[in-house]
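One structure is given here, and the rest of the page talks about it.
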Amino acid sequence: MVDGGNPMTTEHVRRVAPAPRHASPRTTEPAKQRILNRLGGSAADLTKQTISPYAAAVLRIGYGLLYLTFLLREFPHRDEIWGPGSPWTPALATELFTQTGWNSILTLSDSRAYFEVCYGAALVICALFLLGWRTRATSILFAVVVASFHARAIYMTDGGDNLTLLMAVYLMFTACGRRWSLDARRSRLRAVPDNVDAPPETPATSGPYQSLRAARQTVTTVMHNCAMFVIAAQVCIVYGAAGLYKVQGGTWGNGTALHYVVNNSLFRPWPALSAMVDSYPILVAAVSYLTVLLQVAFPFVLFSRLKYVVLAMLMGMHLSIAVLMGLPLFSGAMIIADAVFLPDRFYRFLEQAWRRARGGSPLP
Amino acid sequence: MRALRQQASRTQREGSEPQIVDRMVTDGEQPTEPPQLVQAATGIAVALCLMISVVHLMAVFLHVAPSNPISQRYDEQIDAWINPVFEQNWKLFAPDPDAVSRQISARTKRTSPTGAVEVSAWFDLTAVDDSAVKHNPFPSHTTINLLRRAWTAYLDTHGNDDQPRSQRARMVQEYLRNIAVDRVAGYRGDPFEAIQLRVITRAIPLPATKDGPQPAISIPAETRELPWWTVETR
């Protein structure tokens, strides 16, 4: 959208008055000019303003919590999945790595003690990531943990694990620690109380240090914005592909696909519930069609208010999958990914509601 | 599109100028222009971020999309970029959900002290998984993914032939054998020398129509017995 031309007007961005183009009354502008201005405006925003810092924080908290839950849930099975005692032996895993280019900290040693240390460290890293402590460094460690555990048990992963891995990698490039984090708390305590959003002020020094700082800020911002865009586009690819591949299937076409899904014994934790769903062919057909329609339509409704309806329906779909099919991790990964499309004003509203509920005291 | 983009960036530059002026006024000090080197480096970094994002998304799209002239032409580049970290597959219950259920069982063989060969009864591995899922709101990956995905991988690498014809096929076979050995050994303590798997594939009955349940068209269950695999002590 922009070339790399002129990003250097960014220092002290938050102190300068808005450019005149925002002030000009929009009603008198010709439509074309307005669109161009808006494009220009978003081009400038790309280098100056971190887009959706709240959504990034929600992704951080969501995936951190999700992976922590996953690791804790599999505590009794940790050796079977990732440990030296797994049927996918360390030797097999290492052999596969040489073919695929994967790698994992878990195969560095076959010792049981080493594995337990890695598992414990992974728990701590997930917790720190979700709390947002030294977030940039922690996010890199989190990605290493997720990638390592994923690669070690590659034949035990499913779509939810795959999405979590992608998000862990993308989140490294975001400024996901700016809101709702220990980092945010620290900089708030350090900064002037009423100036929460501004980066901590430094003495007005000029010279190379300041320009380097500004350059770093620009690059960080652009990287964050690009990563958020990639995350959003990745979610669209997930839904688009999932929907379009279904369109090719006969059972999704004749509205019976859900019948085969609810009759799969591995995804039927509540047989009575599944049998009940299965006993309503009209419901089965409607849900089968709706699933495909929602997934295919998803990328196209994002630019209208209709997206809230679709997001709500998708959330309903994922919650039903979580319960009906016993796939809470998969559904959780998808729901968290959807959160990237909610606007910051929604999250700020939640924040204020939370503050009011706590009697006006500042966030922890 | 390109014209639009150029205009957009021009607009950006025009839009930025007043801000510089503003800054001079508000700061009340001489503006220090950042050194050209820093400016250039920042520009390059920004351009790189944008380029990588676009290239990445194109690669992911082509990797996920069905094979097409573009992905065939750039096959190597796409693979190099995607693998291994960004590998993904979103054929979730697509194109069709499995219309069959698979029952995987194992039995073991050992030579008794008298020299007679003893073959155990079939041990139903799938039934163990099914009962672990039942009334469990949060089943483990070892239940819902382990055996299911190992068998799919076996089918992918072997087809209907039980002879491993590739390195990957041999690895998957070893994996499947280890799973069976661990599971059987977990339930029965006695040692054994060889293990055999049997997979019975049954069609899921057709959905009921408005005239009631479908007449049970008896699609015969297909039974596949794999060869005996000798068990080494791990």
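The values are calculated or read from the model by the stated rules, or taken from the named source; none is laboratory data. Since the model is a prediction, treat every value here as computed from it, not as a measurement. Glycine gets a Cβ as well: all are built from the backbone with ideal geometry, and neighbour counts include every protein chain shown.
So which residues in the stretch A:95-108 are in a helix (DSSP H, G or I), crowded, with 16+ Cβ neighbours inside 10 Å and among the polar types (S, T, N, Q), if there are any at all? Once the filter is applied, which keeps residues that are in a helix (DSSP H, G or I), crowded, with 16+ Cβ neighbours inside 10 Å and among the polar types (S, T, N, Q), the stretch A:95-108 yields only A:107. The set of residues from the stretch A:273-282 being of a type in the set (A, V, I, L, M) and more than 10 Å from chain B (Cβ to nearest Cβ) comprises A:273, A:275, A:276, A:277.
Summed over the stretch B:79-117, residues that are within 30 Å of residue A:268 (Cα to Cα), free of Cβ contacts under 8 Å to residues at least 40 places away in the same chain and in a strand (DSSP E or B) total 0. Restricted to the stretch B:8-67, and to residues there that are among the hydroxyl-bearing types (Ser, Thr, Tyr) and under 18 Å from residue A:215 (Cα atoms), the residue that is modelled with the highest pLDDT is B:42. Scanning the stretch B:73-96 for residues that are at pLDDT 95 or above, surrounded by 14 or more Cβ atoms within 10 Å (Cβ to Cβ) and over 20 Å from the mean Cα position of the chain (by Cα) turns up at least one hit.
Return the residue satisfying two criteria in turn: it lies in the stretch B:153-170 and is within 12 Å of another protein chain (Cβ to nearest Cβ) and not polar (S, T, N, Q), and of such residues it is farthest from residue A:162 (Cα to Cα). Going through the qualifying residues, I end up with B:170. Contact map, the stretch B:154-175: residues that are within 13 Å of residue B:225 (Cα to Cα) paired with residues that are modelled with pLDDT of 95 or more and assigned to a loop (DSSP other than H, G, I, E, B), Cβ distance under 8 Å, separation 6+ or inter-chain. Pairs shown: B:162/B:226; B:162/B:227. Residue A:264 meets each of the listed conditions (1) more than 7 Å from chain B (Cβ to nearest Cβ); (2) surrounded by fewer than 22 Cβ atoms within 10 Å (Cβ to Cβ) apart from (1). Close Cβ contacts (under 7 Å, 6 or more residues apart or on different chains) running from residues in the stretch A:317-329 that are more than 8 Å from chain B (Cβ to nearest Cβ) to residues that are outside any helix (DSSP H, G or I) and not aromatic (Phe, Trp, Tyr) comprise A:321/A:327.
Evaluated against (1) within 12 Å of chain B (Cβ to nearest Cβ); (2) of a type outside the set (Phe, Trp, Tyr); (3) more than 20 Å from residue B:208 (Cβ to Cβ), residue A:285 falls short on exactly one condition, (3). Here is a check on your reading of the model: is residue A:312 farther than 25 Å from residue B:95 by Cβ and either surrounded by fewer than 18 Cβ atoms within 10 Å (Cβ to Cβ) or among the β-branched types (Val, Ile, Thr) (or both)? So residue A:312 passes the test.
Determine which single condition residue B:166 fails, assuming it passes every other condition in (1) of a type in the set (Gly, Ala, Ser); (2) over 21 Å from the mean Cα position of the chain (by Cα); (3) over 20 Å from residue B:103 (Cα atoms). (2) is the only condition that residue B:166 fails. Only one of the numbered conditions (1) facing chain B (nearest Cβ under 8 Å); (2) assigned to a helix (DSSP H, G or I); (3) at pLDDT below 95 is violated by residue A:217, and that is (1). Name the single residue, out of those in the stretch A:148-159 being more than 10 Å from chain B (Cβ to nearest Cβ) and surrounded by 23 or more Cβ atoms within 10 Å (Cβ to Cβ), that is farthest from residue A:69 (Cα to Cα). Ranking the candidates gives A:152 first. When you check residue A:118 against the structure, is it at pLDDT 95 or above and in contact with a Phe, Trp or Tyr (Cβ under 6 Å, 6 or more places away or on another chain), yes or no? Judged against the criteria, residue A:118 is not a match. Residues that are more than 10 Å from chain B (Cβ to nearest Cβ) and within 30 Å of residue A:178 (Cα to Cα) were ranked within the stretch A:65-86; the one that is surrounded by the fewest Cβ atoms within 10 Å (Cβ to Cβ) is A:72.
Scanning the stretch A:250-261 for residues that are surrounded by fewer than 21 Cβ atoms within 10 Å (Cβ to Cβ) and more than 7 Å from chain B (Cβ to nearest Cβ) turns up A:253, A:254, A:255.
Evaluation of residue A:140 against the conditions (1) out of contact with any Asp or Glu (no Cβ under 8 Å at 6 or more places or on another chain); (2) over 30 Å from residue B:151 (Cα atoms); (3) more than 14 Å from chain B (Cβ to nearest Cβ); (4) not charged (D, E, K, R) shows that the sole unmet condition is (3).
Scanning the stretch A:109-124 for residues that are surrounded by 15 or more Cβ atoms within 10 Å (Cβ to Cβ) and under 13 Å from residue A:144 (Cα atoms) yields A:118, A:119, A:122, A:123. Scan the stretch B:118-152 for residues that are at the interface with another protein chain (Cβ under 9 Å from one of its Cβ atoms), outside any helix (DSSP H, G or I) and in contact (Cβ under 8 Å) with a residue 24 or more places away in the chain and the total you get is 0. When residue B:184 is tested against (1) closer than 21 Å to residue B:101 by Cβ; (2) within 14 Å of chain A (Cβ to nearest Cβ), only condition (1) is not met.
Just checking, does the stretch A:158-166 include any residue being without any contact (Cβ under 8 Å) to a residue 60 or more places away in the chain and of a type in the set (Asp, Glu)? For the stretch A:158-166, residues without any contact (Cβ under 8 Å) to a residue 60 or more places away in the chain and of a type in the set (Asp, Glu): absent.
Within the stretch A:45-64, the residues that satisfy the criterion of being more than 14 Å from every other protein chain (Cβ to nearest Cβ) and assigned to a helix (DSSP H, G or I) are A:53, A:54, A:55, A:56, A:57, A:58, A:59, A:60, A:61, A:62, A:63, A:64. State whether one or more residues within the stretch B:107-122 are among the charged types (D, E, K, R) and under 27 Å from residue A:162 (Cβ atoms). No, because not a single residue in the stretch B:107-122 is among the charged types (D, E, K, R) and under 27 Å from residue A:162 (Cβ atoms).
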